Structures are given as structure tokens and as C-alpha cells.
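Chemist: Got a structure for you, questions after.
Every number here is computed from the coordinates shown, using simple stated rules; none is lab data. Bear in mind that the values here come from a model prediction, so they are computed numbers and not experimental data. Note: ideal-geometry Cβ built from the backbone for every residue, glycine included; neighbour counts use all protein chains shown.
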Amino acid sequence: MKKLFKLFTFEGRPSKVRGSDYRTFIVLWCVGVFALLVHVALIPLFLVIGLPEMSYLNYGSVALWMLGLWCNTRGNYSATIKFFSVEVLIHSFFAVSMMGLSVGFQHYLWAIACMALLAQDIPRVITILIGFSIIIFFGLLHFLFGDVQYTYKYAELTPIIHFINVIVAGVPLTYSIVAVLHTTSNKERYLAKAAAKDEFTGLYNQNFSYEMLSIVLSQADRLNSPVCIIKGSIDHFSNIQDTYGTELSNELLLDVSRFVKDKIRCSDIAARWKNNEFFIVLSGIDNEQAQIKIESLREGVFSSIKTGNDKNISVSMSFGIAEWKQGDSVKKVINYANKALKASNKNGYNRTTYYKSRTQPINTI
């Protein structure tokens, strides 16, 4: 009972349901439980109006909805939607063939056609075919049973019953549409984020940072504001990797990435350029200010980050700074920063070098 309560309040997630699929699970769960309760209520109602055949059919409907809900908790969403779809198709066919279109049971087909879009594990072409087939089935019901009249008890209530069925069918329809739109929006945001971020460190990747730098330089050109581009690398990273293995070197990369990200402003850009190299863009900051910030970053890495089996070996970084000048292209200013970084490495590592038509050491520890 407690597990059911958690599911209804969106607090629980069955072990077979992946976190990325939780929204699909919740939509199908809510729609399935709602439909299950409706069909349970229809069993005595059909007996009251004098239609026991439909009452017996609803026992099968309840079984199909329960099977669909069980598949849903197992993470098998395509099977869930298939069970739901079969039930709606069978129920709509017999309800319309016996009572006509005036009671409105055919409207549930629209809800299930939309719900088919939630099955992410079914190919898009198949999903479209399923939805299109359901719409054709809806049209066939009108063609085949358009002349069937309601001849059971409480005929005067058929307009109200029709209205109730439209509303009840509209609940899962609306819920499914909103869920599909929300899931699509989330996936678009995820893909955009994935395209921008380095998968391992969480920093921006090389391609995205290159594009962002183009935008930053265009703005700086209009506003006549300074921009500094910095290339940095972890010193002797290959030796660390060879000596301590992949696990410790990967841990070091993460530690440095977090440290770099924490030390720059939200408006700046921090990216993993390649392997042990990093790329930083400081907007609105000239060369002197950039030297102070990067020297502080370099000293912070050396004093704070340790590696080795006992975490007793200090880690150093080297940096190259290039201040953008009007007329410099993105490629050119990155090349200047790269030359400055190479000079830092050539002159002994653990230092910062500024490119100013020639490389000049700033500070050496």
C-alpha cells in the first residue's frame, strides 16, 4: 500500500524503471490507473442499463489495463501501450456497434493515438503507422455504425453520457500531449547541453567554446572592451598517467576541472580543450588583470591539488595568456595563447607566459 501511495504521489520509482524514463512511466501509470478505475465503474453501469455483454467485456478490459500497468512497472513501455491500445480498440468497437456513436466511446481512440507517441523504444515510423491506423479505425466506426441507435435504458441521458465520455477521454489525451511536448523539450535541452559539454569533466568542449569565443569577440568589438584568452595544461600529465594509472589521472583531471570552474566568473568560459589542456576566456579583463587572476589560479592549483597514491604530490599547471586586439581572428588569438603556453612549458613549467608579439615570462616558481 505504501508503494502504491508513493507511485501516486510521484515519489516512488520501480527498480526496473530508469530515471530517464520516469516521466513516461508516470504518464502511462496515471492514465492506466485512471482508465482502470473507469472500467471497473462501467461493469455495474452496463448492467444497470441492461447491457450485460458490455459488462462482461469490461472484465477483460480491466485485465488488459492491469497487464499494461504491470508491464509499465517493468519498464516495458511498448508492451504497455500495446495492451492499452488493444483494449481501447476492442472496447470502442463493441461499445459503438451496440450503442451507436451517440454515447461517445469512440473518442477514446484519439487519446490512445496520442499516447502511442510516448513509446520511445518503438521506431518513429511504426509509431506514426499505429497512430494513423487508430485514426482510420475511428473513421471506420462512423462509416460502419453511423446508423446504430441507442435502444437501452435511460436513452434521454445519452447527450450527458456523450459529454462525460468526451471529458474523460480528454484527460489522458491532454496529459499525453503535454507529456510528449515536455519530453521532447527535455530531450532537446539535453542534446544541446551534451553538444556543448565535455562528457567527462562537465566543462564546455572545444567546439562549443570556439563558437562562444566568436560571439564574445564580436561583442567586444562592438563595445570596444578587452578580452583575454588563456590556454593551460597540467604539467607532466603523461608521466602521472604512466606512473599512477588511468584512475588517478582521471581523478586529477576532475579535480583540476572543478577547481578551474570554481575560480572563474559565471560570465567567463572554461573548457577542456583536449586531454590535459584547458581553455579559458575572460571577458572585460585586460592583460594585467588576467595575469593576476591566472597567477592566483596557478598558485591555487599548486597548493590545493595533490595526486599520487597517498595524495602527497603537488600538481602544477602552466598557462599562456593572449589579449585580443581588434582585427585579430578567433584562430589567430587562440594561436597566440597556444604559443605562450608552449613557452611556459619550454621554460620549465609551472609558470604563466603572456604573448605580446613575443613571449615574456610573467612569473616563475
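Chemist: Which of the listed residues, 271, 157, 238, is farthest toward the dipole's positive end in the chain, when Lys, Arg count +1 and Asp, Glu count -1 at the beta-carbon?
Modeler: In the chain, that residue is 238.
Chemist: Let me ask something else about it. Kindly provide the trypsin sites (Lys or Arg not before Pro) of segment 290-322 that DSSP labels as loop, not H, G, I, E or B, and whose Cβ sees at most 12 other Cβ atoms within 10 Å.
Modeler: 311
Chemist: Just the Cα atoms of segment 206-364: what Rg and Dmax do they give in Å?
Modeler: 15.3, 51
Chemist: Right, another one. Normalise the Cα radius of gyration of the chain by 2.2 N^0.38 Å (N = residues in it) and let me know the number.
Modeler: This ratio for the chain stands at 1.55.
Chemist: Further question: Output the 0 to 90 degree angle, nearest 10, between the alpha-carbon long axis of helix 77-99 and the longest principal axis computed from the alpha carbons of the chain.
Modeler: 30
Chemist: Set Lys and Arg Cβ to +1 and Asp and Glu Cβ to -1, take the dipole of the chain about its Cα centre, and tell me which of 96, 42, 215 lies farthest positive.
Modeler: Farthest towards the positive pole: 215.
Chemist: So if I take the centroid of the Cα atoms in segment 129-175 and the same for segment 211-238, what is the distance between those two points in Å?
Modeler: 62
Chemist: I would also like to ask the following. Given only helices, namely DSSP H runs of n ≥ 4 each adding -39500 (n - 2.57), what is the per-residue ellipticity at 222 nm of the chain, to the nearest 500 deg cm²/dmol?
Modeler: -21500 deg cm²/dmol
Chemist: Please find the FRET efficiency linking residue 147 to residue 23, where r is the Cβ-Cβ separation and R0 is fixed at 56 Å, and quote it to the nearest 0.05.
Modeler: With R0 = 56 Å, the Cβ-Cβ based efficiency is 0.85.
Chemist: Which angle from 0 to 90°, rounded to the nearest 10, does the C-alpha axis of helix 158-196 make with the longest principal axis of the chain?
Modeler: 20
Chemist: To continue, here is another question. If I fit a long axis through the Cα atoms of helix 52-73 and take the longest principal axis of the Cα atoms of the chain, what angle between them do I get, 0 to 90°, rounded to 10?
Modeler: For 52-73 against the chain, the angle is about 10 degrees.
Chemist: Right, something else. Can you tell me the dipole magnitude for the chain around its Cα centre, using point charges on the Cβ only (Lys, Arg +1; Asp, Glu -1), in Debye to the nearest 20?
Modeler: 880
Chemist: Here is a follow-up. Tabulate in residue order the Karplus-calculated ³J(HN,Hα) for segment 108-113, using 6.51 cos²θ - 1.76 cosθ + 1.60 with θ = phi - 60°, rounded to whole Hz; enter x for Gly and Pro.
Modeler: Taking θ as phi minus 60°, the curve returns 5, 5, 5, 5, 6, 5 Hz for segment 108-113.
Chemist: Which listed residue (58, 137, 85) has the Cα farthest towards the positive end of the charge dipole for segment 32-164, taking +1 on Lys and Arg C-beta and -1 on Asp and Glu C-beta about the Cα centre?
Modeler: Projecting each Cα onto the dipole axis, the largest value belongs to 85.
Chemist: Show me the ranking of peptides 51-62, 101-112 by mean Cβ neighbours inside 10 Å, starting with the highest.
Modeler: The most tightly packed comes first, giving 101-112, 51-62.
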